[in-house]
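Heads up: the structure comes next, in structure tokens.
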Amino acid sequence: MATSHILDEELTDCLPHTDFSLPGGVVYLIGHNVDYDWRVIGEPDVKRICTRALSSKLWPGADSHTQSAMIYLHCRAEAPGLLRNSHAALDGMKNCRLLQVKILDQLATQVGRPVSDWEELWEISEESRIPTIIGFGKHKGAAIADLPSDYKRWLLNQTDLDPFMRKALCR
């Protein structure tokens, strides 16, 4: 309640999240830290585009890559108003869309042309999700490419290892 300001009594006639299903034909799901939403809706067979991963790749020097931090980075004057209800679904979606526009603009600048379609954006997102720096453990802050081979082997044997970390370690 403290985050969303939704009261329990407002949900009494609502279906549980486990009854949610995407409309037919949906190919892509876009979100900031999209895997969270994807898991909540039952891990449907869609391609996920992560604005958090894209933000981290495009603006690595930012203090934070949360959606709120990115809105402040790109829309400083408007940010307080944009973020006032940021945990409400519609406002969160609007902010994600606004950030997606900034991402597409930045990608066009870097590549020298606009992103051609959703598939290309998904491919860029997938690549952006593969870390280059380890963010945990005794080697936190080190380049993954520079990790000792025995540590890489140990990590690869962990059953709960993030699949994108696994990809990074196998490069």
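Bear in mind that the values in this text are calculations on the coordinates, not laboratory data. Fair warning: this is a prediction, and the values are worked out from it, not measured in the lab. So basically every Cβ, Gly included, is an ideal-geometry build from the backbone, and we count neighbours across all protein chains shown.
What to note about this one:
- Summed residue charge, Cβ within 12 Å of R84's Cβ, Lys/Arg positive, Asp/Glu negative: -1
- The magnitude of the dipole of the chain, with charges of +1 and -1 set on the Cβ of Lys/Arg and Asp/Glu and taken from the Cα centre, is near 860 debye.
- Applying Stokes-Einstein at 10 °C and 1.306 mPa s to the Kirkwood radius of the range 130-171, computed over alpha-carbon pairs, gives a translational diffusion coefficient of 157 µm² s⁻¹.
- Ordering H32, H5 from the fewest to the most neighbouring beta carbons within 10 Å gives H5, H32.
- Inter-centroid distance (Cα atoms) of the range 1-62 relative to the range 95-112, Å: 20
- Ranked by how many other Cβ atoms sit within 10 Å of their own Cβ, fewest first, the residues I124, I133, I49 fall in the order I133, I124, I49.
- Scaled radius of gyration (Cα, divided by 2.2 N^0.38 Å) that the range 1-65 gives: 1.43
- Taking amide H as placed 1.01 Å from N in the peptide plane, the amide H of Y28 sits under 5 Å from that of K47, each at least 5 places away or on another chain.
- Candidate aspartates and glutamates for bridging to K140, where Cα separation is under 19 Å - those fewer than 8 sequence places away on the same chain excluded: D63, D150, D160, D162
- Here the average projected area of the convex hull drawn through the C-alpha atoms of the range 72-171 stands at 9.1 nm².
- Of all aspartates and glutamates in the structure, the ones whose alpha carbon falls short of 16 Å from that of K57, not counting any fewer than 8 places away in one chain, are D105, E120, E123, E126, E127.
- For the chain: Kirkwood Rh in Å [reciprocal of mean 1/r, alpha carbons]: 18.2
- Linear extension gain, T132 paired with Q158, 0.36 nm per residue minus alpha-carbon span: 7.5 nm
- Taking 7 Å steps out from each Cα toward its Cβ at E43 and V101 produces label points 3.6 nm apart.
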